[in-house]
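Encoded as structure tokens, the structure appears first; notes follow it.
Only the coordinates and a few stated rules stand behind these numbers; no lab work does. Fair warning: this is a prediction, and the values are worked out from it, not measured in the lab. All Cβ positions, even for glycine, are placed from backbone atoms using ideal geometry, and neighbour counts span all protein chains on display.
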Amino acid sequence: MKLQIEVFETPDAQLGKMTKKTYQNIPKYKRPVLSKESAFFLGDLIGPSITINVLEDDTLKDDTMYVSKEAKAYYYRDKDYIKLA
């Protein structure tokens, strides 16, 4: 699976989102566990953690993860997509 990384405008630099369909398309062995709020967290031990909300939103593109420009600059600086398979 190829997951597109796109920037969206948000006042919260530690917020991201993706569709439920995209989340379900992530291979099970790489799929993060969802919290009861339908979110998961990205991060490392050094940088800020990013909360990715999994939404049922028809306005979002499938196979895309939306993050703030700060998160993209920190975690995906030279990447427009990531491979998950």
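List of remarks:
- For the chain, DSSP calls about 50 percent of its internal beta bridges antiparallel.
- Counting only DSSP H runs of at least 4 residues, each contributing -39500 (n - 2.57), and dividing by the residue count of the chain, the helix-based mean residue ellipticity at 222 nm comes to -3500 deg cm²/dmol.
- Loop-located chymotrypsin sites (Phe, Trp or Tyr not before Pro) across the chain with a Cβ neighbour count of 11 or fewer within 10 Å are Y29, with loop assigned by DSSP.
- Taking amide H as placed 1.01 Å from N in the peptide plane, the amide H of L15 sits under 5 Å from that of T51, S68, each at least 5 places away or on another chain.
- Dipole check for the chain: with +1 at the C-beta of Lys and Arg, -1 at the C-beta of Asp and Glu, and the Cα centre as origin, the magnitude is about 420 Debye.
- Virtual spin-label span in nm between E9 and Y29, 7 Å along Cα→Cβ: 4.2 nm
- Compactness ratio for the stretch 2-83: Cα radius of gyration over 2.2 N^0.38 Å (N = residue count) comes to 1.01.
- Cβ-to-Cβ counts within 10 Å put K20, K30 in ascending order as K30, K20, the fewest first.
- Taking every C-alpha pair closer than 8 Å and separated by at least 6 residues, the mean separation divided by the residue count of the chain gives a relative contact order of 53 percent.
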